[in-house]
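Here is the structure we will look at.
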Amino acid sequence: MKLEEYRGVWTLGEQRDGRIHTVSYELLAWGRSLADKLGVELATVILGHNLADQVQELIYRGADKVYVVDHPALAHFSVDPYARVLTALVREYRPEIFIASATTTGRTIMPVLAAKLRTGLTADCTGLDVDVESRQLLQTRPAIGGNVMATIITPNHRPAMATVRPKSRRPLPRDASRKGEIIFKRFDEKMFESRTRRLGFIRDETAESPVQDADVVVAGGKGLKDGRNFDMLFELAELLGGAVGASRMAVDMGWIPYSHQIGLSGKTVTPRLYLAIGISGAVQHLAGMSSSEVIVAINKDPDANIFKVSDFGIIGDLFEIVPLLIKRLREIKGKEGEGK
């Protein structure tokens, strides 16, 4: 393998139920930064069915090229055909960097692809950069329970591969004036064969909405003192049209399921409004929410670390403040209802 034969940055686009998913645009923001530093093209590869009328959006969001593989067998994610097609594309075009989102799809397909290509993969990165002189991808991720941030490189093999956390970067602004190339690739039917068959899909109904997709997140921590006190956070989140999050401590205590956990060992969120209630602000938690547009913290400890990243801080007893917020929001909702 000659490293100099590999050029370009690739991202793996994703589609769900026939629609391009927003993680595809987040990845393009990561990829655009890397490609511009290296002075190379940024390409996205996306697999699915009946996506032709949507792929131009990937150009508008930062891609220079889009490789599209359209086939009924790719309508839903399946490891066998995805792995074959992606392996063939990488071997044909030889990108030096290939990144995907750390979604179920990315975490499943990228290790298989790395094994087939005999290259390295760093999973669940929180940061990506490049050393321009050596052209090495600098892959940063938490280690040792989140207490250390490690930077990893793939010095001897290509492409350098990584998955990055969803919501760890905002998509680039849509630019309808951008021009790019869309390439539809065709493969032999054998490429789309699979050893598995999709029987159905059962959606997780334990949360009213995925916390990583919410515009408003109301998160609770150890300061709530008891899992039953999360009920008022769910009420507050409902009034605000948001979702409920939690610190690792609250999850470890069994107060709320892991699907609500925010931080290095949980979800990364970037909502328009983040309410941190009874959360001290451990560095692991901050890594999962500090990119929120507006952060409001409620904590009785004036020295709590959460106040260092907050736009607004309320020092006081959450058991007095939160009920007042709920009461006031109910009054506002009531007046809005009367005005209809």
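The values are calculated or read from the model by the stated rules, or taken from the named source; none is laboratory data. The structure displayed is predicted, hence computed values, not measured ones. Glycine gets a Cβ as well: all are built from the backbone with ideal geometry, and neighbour counts include every protein chain shown.
With respect to (1) within 20 Å of Val130 (Cβ to Cβ); (2) part of a helix (DSSP H, G or I); (3) in contact (Cβ under 8 Å) with a residue 12 or more places away in the chain; (4) out of contact with any helix residue (DSSP H, G or I) (no Cβ under 8 Å at 6 or more places or on another chain), the lone exception for Leu28 is condition (4).
Residue count for the stretch 277-327, restricted to those that are in a loop (DSSP other than H, G, I, E, B) and in contact (Cβ under 8 Å) with a residue 24 or more places away in the chain: 14. Just to be sure before I move on: is Val45 modelled with pLDDT of 95 or more, under 26 Å from Ser177 (Cα atoms), outside any helix (DSSP H, G or I) and within 19 Å of the chain's Cα centre (by Cα) in the structure I sent? Yes, satisfied.
Considering the conditions (1) in contact with a Phe, Trp or Tyr (Cβ under 9 Å, 6 or more places away or on another chain); (2) of a type outside the set (Val, Ile, Thr); (3) outside any helix (DSSP H, G or I), Leu89 is excluded by exactly one of them, (3).
Has the stretch 75-88 got any residue that is among the acidic types (Asp, Glu) and surrounded by 21 or more Cβ atoms within 10 Å (Cβ to Cβ)? Spell out the reasoning first.
Of the residues in the stretch 75-88, the ones among the acidic types (Asp, Glu) are 80.
Then keep just the ones that are surrounded by 21 or more Cβ atoms within 10 Å (Cβ to Cβ); that gives none.
Within the stretch 75-88, none of the residues are among the acidic types (Asp, Glu) and surrounded by 21 or more Cβ atoms within 10 Å (Cβ to Cβ).
Return yes or no: is Gly13 at positive phi, of a type outside the set (Lys, Arg) and at pLDDT 95 or above? No. For Tyr60, are the conditions met, namely being buried (at least 20 other Cβ atoms within 10 Å of the Cβ) and not aliphatic (A, V, I, L, M)? So Tyr60 does not fit the description; no.
Which of the residues that make up the stretch 48-86 are farther than 16 Å from Arg16 by Cβ and among the small types (Gly, Ala, Ser)? Ala52, Gly62, Ala63, Ala73, Ala83 - these are the residues of the stretch 48-86 that are farther than 16 Å from Arg16 by Cβ and among the small types (Gly, Ala, Ser).
Which one of Glu293, Glu331, Glu238, Glu336 is in contact with a Pro (Cβ under 9 Å, 6 or more places away or on another chain), modelled with pLDDT under 95 and more than 21 Å from Pro142 (Cα to Cα)? Give the derivation first.
Numbers: Glu331 fails: in contact with a Pro (Cβ under 9 Å, 6 or more places away or on another chain); Glu238 fails: in contact with a Pro (Cβ under 9 Å, 6 or more places away or on another chain); Glu336 fails: in contact with a Pro (Cβ under 9 Å, 6 or more places away or on another chain).
Of the residues listed, the single one that is in contact with a Pro (Cβ under 9 Å, 6 or more places away or on another chain), modelled with pLDDT under 95 and more than 21 Å from Pro142 (Cα to Cα) is Glu293.
All conditions but one from (1) at pLDDT below 95; (2) part of a helix (DSSP H, G or I); (3) within 22 Å of Gln212 (Cα to Cα) apply to Leu233; the one that does not is (1). The sole residue among Gly227, Gly220 that is assigned by TED's automatic domain parsing to the domain that holds Arg330, buried (at least 18 other Cβ atoms within 10 Å of the Cβ), under 30 Å from Arg328 (Cα atoms) and not polar (S, T, N, Q) is Gly220. Residues in the stretch 92-117 that are closer than 22 Å to Gln139 by Cβ and at pLDDT 95 or above: 17 in all.
In the set Leu318, Leu324, Leu329, Leu286, which member is crowded, with 19+ Cβ neighbours inside 10 Å, of a type in the set (A, V, I, L, M, F, W, C) and more than 25 Å from Ala102 (Cα to Cα)? Write out each step before concluding.
On the way: Leu324 fails: crowded, with 19+ Cβ neighbours inside 10 Å; Leu329 fails: crowded, with 19+ Cβ neighbours inside 10 Å; Leu286 fails: more than 25 Å from Ala102 (Cα to Cα).
Result: Leu318 is the single residue among Leu318, Leu324, Leu329, Leu286 that is crowded, with 19+ Cβ neighbours inside 10 Å, of a type in the set (A, V, I, L, M, F, W, C) and more than 25 Å from Ala102 (Cα to Cα).
Condition first: β-branched (Val, Ile, Thr) and under 27 Å from the mean Cα position of the chain (by Cα). Now tell me which residues in the stretch 290-318 satisfy that. Val294, Ile295, Val296, Ile298, Ile306, Val309 - these are the residues of the stretch 290-318 that are β-branched (Val, Ile, Thr) and under 27 Å from the mean Cα position of the chain (by Cα). The test for being without any contact (Cβ under 8 Å) to a residue 60 or more places away in the chain, of a type in the set (S, T, N, Q) and surrounded by fewer than 18 Cβ atoms within 10 Å (Cβ to Cβ) holds for Ser259.
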